[in-house]
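Since the structure comes first, as C-alpha cells, the remarks are kept for the end.
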C-alpha cells in the first residue's frame, strides 16, 4: 500500500481538484483523506454519504462551578491568556493548562474534555473518504489531521486497500506537517505565479526535511509560461521531477460549480492532462500490480 499526499504551498492552486480527479481515475481499491480540516472541501466534489461520525477531543478547557466560586479572581490574575475573569471562562481563549484549577482556593474550577470538532468516515463517488470539520474558532488542527490519518490507515489495512490519497491543507504550517510526515511521496501542485514559485520552494524544503519524495505538477501552466519555466528550473535544481502539467480549462470551473471532478468532462483539455498525470503516478506508486493490470481509467 502506498500513501500519497497532495499539497500546495499556497491556497487556490487547484490541489483539491487534482486530488478529486486522481481519486476518481485510480480504479484499484483505495482510501481518500481530506486533511484540510480547517476548511474541508473535497466532499463537495466527491459527494460522500456519512457512515460514521465521531467527536474529536483535542484538549481540555476550564469549567467553573458558580456555587463554589467566591469571585476572588485569583484565577484571572494568574491566567496569562486572559481566558478567565472572576470565574467566567472564555472558551476560545482557554488553553487548558490547568493553572487556574491548581490556584483556586475554593476548588471551584476543573478541567473537562474539549470537543474541537467532528471527523467522519464516509462512502463517496471515489470510494471511502475520511474528512473532518473543526468548530468555529477551534484549534489543534494538526492533532485532528493525525487522527484522520490513523483512522484511514486502519480502514485501508482492514480492507486490503492499494493506496491512501491525502488532500492536504495549503501552506507549510502545523496541519501541513501532520499531513506530510510518513508518506511515500508528495505531489506538490504549483501555479505559475511569483507567490506560487516562492511557496513551492518552501514546500519542497519541508518535504526534504521530512524525507518525503517530492513530485511537482504545474497547474494552469499556460497562463504564465515564463513563471512555469522558472518552476521547472527550480525543480531541475532540486532534482524534483515535474510529473505533469495541466492547462487552464474552463471545464474545471464548471466542474467546481456543479460539484463534480473535471474528469466527468472526459474530452476537456484538463481531463486529458489529468489522465496522463494519473497514469504517470500509477507507475510510480503501484509497483506491486500484476503485469498488464490497469488501475487508471483510460
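Some points to look at:
- Sole residue being crowded, with 19+ Cβ neighbours inside 10 Å and in contact (Cβ under 8 Å) with a residue 12 or more places away in the chain, chosen from 256, 214: 214
- Verdict on residue 155 being out of contact with any helix residue (DSSP H, G or I) (no Cβ under 8 Å at 6 or more places or on another chain), in the same structural domain as residue 20 (by TED's automatic domain parsing), modelled with pLDDT of 95 or more and under 17 Å from residue 46 (Cα atoms): no
- Condition met for residue 165 (modelled with pLDDT of 95 or more, surrounded by fewer than 21 Cβ atoms within 10 Å (Cβ to Cβ), in the same structural domain as residue 24 (by TED's automatic domain parsing) and touching a helix residue (DSSP H, G or I) at 6+ places or on another chain (Cβ under 8 Å)): no
- Considering segment 178-203, the residues that are under 18 Å from residue 246 (Cβ atoms) and free of Cβ contacts under 8 Å to residues at least 40 places away in the same chain include one that is surrounded by the most Cβ atoms within 10 Å (Cβ to Cβ), namely 192.
- Test for residue 150: is it modelled with pLDDT of 95 or more, more than 14 Å from residue 6 (Cβ to Cβ), under 14 Å from the mean Cα position of the chain (by Cα) and surrounded by fewer than 19 Cβ atoms within 10 Å (Cβ to Cβ): yes
- Inside segment 204-245, residues that are in contact with a strand residue (DSSP E or B) (Cβ under 6 Å, 6 or more places away or on another chain) and assigned to a loop (DSSP other than H, G, I, E, B) make up a count of 3.
- Only one of the numbered conditions (1) more than 27 Å from residue 261 (Cα to Cα); (2) in contact with a helix residue (DSSP H, G or I) (Cβ under 7 Å, 6 or more places away or on another chain) is not met by residue 112, and that is (2).
- Candidate set: segment 39-70, residues that are surrounded by 18 or more Cβ atoms within 10 Å (Cβ to Cβ) and under 20 Å from residue 171 (Cβ atoms); chosen: the one farthest from the chain's Cα centre (by Cα): 58
The values are calculated or read from the model by the stated rules, or taken from the named source; none is laboratory data. Bear in mind that the values here come from a model prediction, so they are computed numbers and not experimental data. Please note: Cβ atoms are built from the backbone with ideal geometry, for glycine as well, and neighbour counts cover all protein chains shown.
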